[in-house]
Protein chains: 2
Amino acid sequence: VVTKDKAALWTDGRYFLQAEQQLTSGWSLMRAGNLGVPSRSEWLNGVMAPGSRIGIDPFLFSSDAAEELKEAISQKNHELVYLYDINLVDEIWKESRPKPPNKHVRVHEMKYAGVDVSSKLSSLRSELTNAGSSAIVISMLDEIAWLLNLRGSDIPHSPVMYAYLIVEIDGAKLFIDEAKVNSDVMHYLKNAGIELRPYESILSEIESAAIVNTYKCACDKYFGTAGTVNEKNTEALNGTDGTSCGPSYVYRSSPISLAKAVKNEAELEGMRNSHLRDAAALAQFWTWLEEEISNGVILTEVDVADKLLEFRSKQNGFVDTSFDTISASGANGAIIHYKPEPNSCSVVDAEKLFLLDSGAQFIDGTTDITRTVHFGEPSSWQKECFTRVLQGHIALDQAIFPENYPGFVLDAFARASLWKIGLDYRHGTGHGVGAALNVHEGPQSISFRFGNMTPLLKGMVVSNEPGYYEDHAFGIRIENLLYVKEVSTPNRFGGLDYLGFEKLTYVPIQTKLIDLSIVSAAEIDWLNDYHKQVWEKVSPLLDGPAQEWLWNNTRPLIKH
Amino acid sequence: VVTKDKAALWTDGRYFLQAEQQLTSGWSLMRAGNLGVPSRSEWLNGVMAPGSRIGIDPFLFSSDAAEELKEAISQKNHELVYLYDINLVDEIWKESRPKPPNKHVRVHEMKYAGVDVSSKLSSLRSELTNAGSSAIVISMLDEIAWLLNLRGSDIPHSPVMYAYLIVEIDGAKLFIDEAKVNSDVMHYLKNAGIELRPYESILSEIESAAIVNTYKCACDKYFGTAGTVNEKNTEALNGTDGTSCGPSYVYRSSPISLAKAVKNEAELEGMRNSHLRDAAALAQFWTWLEEEISNGVILTEVDVADKLLEFRSKQNGFVDTSFDTISASGANGAIIHYKPEPNSCSVVDAEKLFLLDSGAQFIDGTTDITRTVHFGEPSSWQKECFTRVLQGHIALDQAIFPENYPGFVLDAFARASLWKIGLDYRHGTGHGVGAALNVHEGPQSISFRFGNMTPLLKGMVVSNEPGYYEDHAFGIRIENLLYVKEVSTPNRFGGLDYLGFEKLTYVPIQTKLIDLSIVSAAEIDWLNDYHKQVWEKVSPLLDGPAQEWLWNNTRPLIKH
């Protein structure tokens, strides 16, 4: 938030350390979630003279967030101004701003997508009809990519393209720069009954469609403010006599979000296959890195991330990394979303913990994995912390729960062992992951943010990534991807399905870091069973030193 | 809900079996929470002709519940009618209705209450002032009893008296039948600055005070509907220019509820002491019962409950049972709130599981304990179920968690072991308990009802009572009372307090029912440590056979 004489940045616990490093002294860092830290609206209400005009870029705010801000700042009679025609940052940037990307769009093959476009459109249209709606405007890029079985590369790491989509009962319009669409894709879209429109024309199109704020203005003008419907899940706006009163909109969460989150068998198969190739690349990478470190080669965090990319890019179907690799030695590991830069990054120190959080976009799936290792002799404190993080990871991995439970119910399982000694971590435990799509997706999550009531459903993919971070010392995180499956329990109380998880990620966890005095027999069994599966699934993809490394790193751990 | 030709009863999973037994064929049983079962308003909207008038007894509905019902049935243009002047059940009952009780009120001594009335009133008045309010109307009987350090016996098991209380900044009025108030209590109240008013005069008094619905009518008449404030936590109703616009009300959850839930040291001391006396009575009782059963004496569930009352009533400071004793043999144990009746109850069967859930009101505290035992040879299935319930009980008992977490976060800990084999129970895991007050109190709970965001606070008392119920076969429940305490963890991540539980209940858990093949070493340690404490704390209050019984039932369990 920038005022005439102040500037403040709000961020959550994942970015406190990074923001401290990156903000200059003119900025105030607002550690959101910490006791006594004001929200943006509280801060605005405190520093601005009553009746101020506060601008936002409406393309960067969800409708909900804008409404909430508007409501909160109205306490001091501030007015929220939607800057549709001018973007103040662009005004400063001027000509130096890079042109928008226009990479080619490709078709996501049916063998990976599992369901064709016309089936997806037809399901969506049923939902529209049930909601009493005749059209939907889709602005979420991954929803457009999923619905049309298209992939793009306009945004690093996310295989999506800049576009808007309007689906009506009898047609669909894709707003996209035509330069991105080659003749094959053009033909494919035509067959699917999708018309192309210029990307910029979306704003003029919404007069007869429904991007919420612009459209609401039109409604308000037409009906007066009584025509405003801004509650979630409201039905189509009708007159009080029950008859329709002209154009109206239905405002609820996108039905595509949930449909996309629940993977079909083809998507799961692609996720499983791509995870095994990813695991093979990681085994080759760790073999290389341990050898280099033991030979005393000096490697920076960036060198290591580059080499990992080299191994991954040799795998079939590799497209991109799925996010900026977090290659973090020692204290950098405590910066939860650390990104090493060539000129400032650290050397990977053999005497410190090394945290590596990385992932790939493959043509058939998306991966996201974190391992934390020590190349030398970890301290007993580091081992205790690592073991408690692992205990949380195992507890979540092994959880079984009745259908219809939201993910937050499982979050405490992943924290319980850390809580026992007064430790915790300032991030959620699990996020949704797309199938050959964005590495972060909703609507489900496994988090201490209790508002998300989305139940965990069979076929959803989630990460399992508890951690522990000691500022200016080290970071630990252990992350696998899982998918939700029905578990065949001996009983089914209440006639319900009982659900659990199946792992997608098969990469060894460093046993050297385990404190044997605090793990249980059941936890050791879990680890040995996991490593047995890693060997069985990944060793056929390897040979030579990498296969030998895998053998050495999947040997059973024995508690004496 | 009774209509001209239909009658339906809604109840939750705790009462399904009981309702099946007790309802005659003219009634429909609505198993609330089960898939496809309509809510009361959905049912009303389905069966009543649009535009019906639906009456409620406004004294038996919270303001929230009435508002919600009113809103829901307005979909079919039904009108909610508040029957202030006539109660349809009373009309049928007529003269045969028993007179309202008018038992004497007594002063709850300072050594048990810990804080005197004037301090409590003064804290409450600070809260009123902070809320911009000048008076509060209190209709919750336990809140009145707690605030005034009074106890009554108008309601079986709950040491409260029928009354209303209005606290203003400069005075307080207690609406109560004067026949209940002897001269000592009269003197006590006068000293505390509390005036007495006839119980019935509360309704006329609310014209100048604030029982919500009646008062809202007055507001609405005065200001039009714009004067209606029915959101929780709204501030005092002011004009849009920010100035006060005459009489108004503040509608939020009672500040007394939370103050009452957080026990002070004197209250905790009373709870600890009364629990030890209760444990002594239970040890005597179990000694007697096991002896009788082994001698082949035929005892009914009611005989057993009566004998338990006899042992309890011999303890110092005994006042009453804290609820109807659930003495349930075999299949009756699956009726979660079973109440045996002399003419229909079962004989306690030595070959079946026996569930005993009972509690007492003492002058210094309130108890609530459940134990499940087998007098003969339990089946391996019964042992597995019992052990999984115990594992849940132990997991909750041992939980450590950061401050500000609501109780529902811990609920899954108590279910996890049952979930592993597809079992569950249809009730919450923990409820609040008053200090020499109601055995059920809010605002905290440990439940799968995720809406209750009240954090668990140091000094709160909660039950820990997971269970498992097999309809028409058996019931298992293991219940201790706990209080929330600060735990001295070796670390305090985030500068937070870490909280855990201390037990109040010290009665052996039957080790014969434990399946040693599924308990962990840590769980056996927990049990042995608990039994050691039971022996140390309770044996000094016993002698003879009861002490011997305690010795035999607290011996360490060894896993081979």
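The values are calculated or read from the model by the stated rules, or taken from the named source; none is laboratory data. A quick note: this is a predicted structure, and the numbers were derived from the prediction, not measured. So basically every Cβ, Gly included, is an ideal-geometry build from the backbone, and we count neighbours across all protein chains shown. Please note that ligands, DNA and RNA were not included when accessible areas were found on the heavy atoms of the full protein model with its side chains. Shrake-Rupley method; radii C 1.70, N 1.55, O 1.52, S 1.80 Å.
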Notebook entry, point to check: Just wondering, is there one or more residues in region B:344-353 that are free of Cβ contacts under 8 Å to residues at least 60 places away in the same chain, of a type in the set (Asp, Glu) and within 14 Å of chain A (Cβ to nearest Cβ)?
Noted result: no
Check: When the residues of region B:473-505 are filtered to those that are hydrophobic (A, V, I, L, M, F, W, C) and closer than 23 Å to B:ARG14 by Cα, which remaining residue is farthest from the other protein chains (Cβ to nearest Cβ)?
Finding: B:LEU481
Next item on the list: Among residues belonging to region A:418-472 that are within 14 Å of chain B (Cβ to nearest Cβ) and aliphatic (A, V, I, L, M), point out the one that is nearest to the chain's Cα centre (by Cα).
Entry: A:ILE446
Item checked: Selection from region A:248-282 of residues that are of a type in the set (Gly, Ala, Ser), touching a helix residue (DSSP H, G or I) at 6+ places or on another chain (Cβ under 7 Å) and open to solvent by less than 10 Å² (accessible area, probe 1.4 Å) -> A:GLY270, A:ALA279, A:ALA280, A:ALA281
Next item on the list: Taking A:TYR112 as meeting all but one of (1) without any contact (Cβ under 8 Å) to a residue 12 or more places away in the chain; (2) under 27 Å from the mean Cα position of the chain (by Cα), write down the number of the exception.
Entry: (1)
Next item on the list: Report, by residue number, each residue of region A:443-493 that is open to solvent by less than 10 Å² (accessible area, probe 1.4 Å), within 24 Å of A:ASN332 (Cβ to Cβ) and assigned to a loop (DSSP other than H, G, I, E, B).
Entry: A:PRO466, A:ILE478
Notebook entry, point to check: Restricting the first residue to region B:81-100 and requiring it to be surrounded by 10 or more Cβ atoms within 10 Å (Cβ to Cβ), which pairs with a second residue that is among the basic types (Lys, Arg) meet a Cβ separation below 7 Å and a spacing of at least six or different chains?
Noted result: B:VAL81/B:ARG53; B:ASP90/B:ARG97
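For every residue, the table says whether it meets (1) crowded, with 24+ Cβ neighbours inside 10 Å; (2) assigned to a loop (DSSP other than H, G, I, E, B).
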{"residue": "B:ASP357", "(1), (2)": "yes, no"}
{"residue": "B:ARG371", "(1), (2)": "no, no"}
{"residue": "B:GLY376", "(1), (2)": "no, yes"}
{"residue": "B:LYS383", "(1), (2)": "no, no"}
{"residue": "B:LEU390", "(1), (2)": "yes, no"}
{"residue": "B:ALA416", "(1), (2)": "no, no"}
{"residue": "B:GLY422", "(1), (2)": "no, yes"}
{"residue": "B:TYR425", "(1), (2)": "yes, yes"}
Item checked: In region B:511-525, the residues that are in contact (Cβ under 8 Å) with a residue 60 or more places away in the chain, out of contact with any strand residue (DSSP E or B) (no Cβ under 8 Å at 6 or more places or on another chain) and open to solvent by less than 20 Å² (accessible area, probe 1.4 Å) -> B:ILE514, B:VAL519
Check: Consider A:SER417 against the criteria (1) touching a Pro at 6+ places or on another chain (Cβ under 8 Å); (2) at pLDDT 95 or above: it satisfies all of them except one. Which criterion is unmet?
Finding: (1)
Check: For the subset of region B:392-404 comprising residues that are out of contact with any helix residue (DSSP H, G or I) (no Cβ under 6 Å at 6 or more places or on another chain) and more than 17 Å from B:GLU502 (Cβ to Cβ), which member is nearest to the other protein chains (Cβ to nearest Cβ)?
Finding: B:PRO402
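Working only within region A:1-20, note down all residues that are without any contact (Cβ under 8 Å) to a residue 12 or more places away in the chain and either assigned to a loop (DSSP other than H, G, I, E, B) or not charged (D, E, K, R) (or both).
Hits for region A:1-20 are A:VAL2, A:LYS4, A:ASP5, A:ALA19.
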Notebook entry, point to check: If B:THR11 satisfies every condition in (1) hydroxyl-bearing (Ser, Thr, Tyr); (2) more than 30 Å from B:TYR162 (Cα to Cα); (3) surrounded by 12 or more Cβ atoms within 10 Å (Cβ to Cβ) but one, which is the exception?
Noted result: (2)
Checklist line | Hits in region B:316-348 - residues which are surrounded by fewer than 19 Cβ atoms within 10 Å (Cβ to Cβ) and in a loop (DSSP other than H, G, I, E, B) | finding: B:ASN316, B:GLY317, B:ASP324, B:HIS337, B:LYS339, B:GLU341, B:PRO342, B:ASN343, B:SER344, B:SER346
Note to self: I'd like the full set of residues that are crowded, with 22+ Cβ neighbours inside 10 Å and among the aromatic types (Phe, Trp, Tyr), limited to region A:392-414.
What the structure shows: A:PHE401, A:PHE408, A:PHE413
Note to self: Go through region A:328-350 and report how many residues are modelled with pLDDT of 95 or more and either of a type in the set (Val, Ile, Thr) or on the phi > 0 side of the Ramachandran plot (or both).
What the structure shows: 3
Next item on the list: Mind counting the residues in region B:32-79 that are in a loop (DSSP other than H, G, I, E, B) and either in contact (Cβ under 8 Å) with a residue 40 or more places away in the chain or closer than 30 Å to B:LEU17 by Cβ (or both)?
Entry: 12
Note to self: Quick check on my filter: what residues within region A:494-505 are surrounded by fewer than 19 Cβ atoms within 10 Å (Cβ to Cβ) and of a type in the set (A, V, I, L, M)?
What the structure shows: A:LEU496
Next item on the list: Being outside any helix (DSSP H, G or I), open to solvent by 10 Å² or more (accessible area, probe 1.4 Å), more than 14 Å from chain A (Cβ to nearest Cβ) and in contact with a Ser or Thr (Cβ under 9 Å, 6 or more places away or on another chain) narrows it down to one of B:PRO508, B:PRO545, so name that one.
Entry: B:PRO508
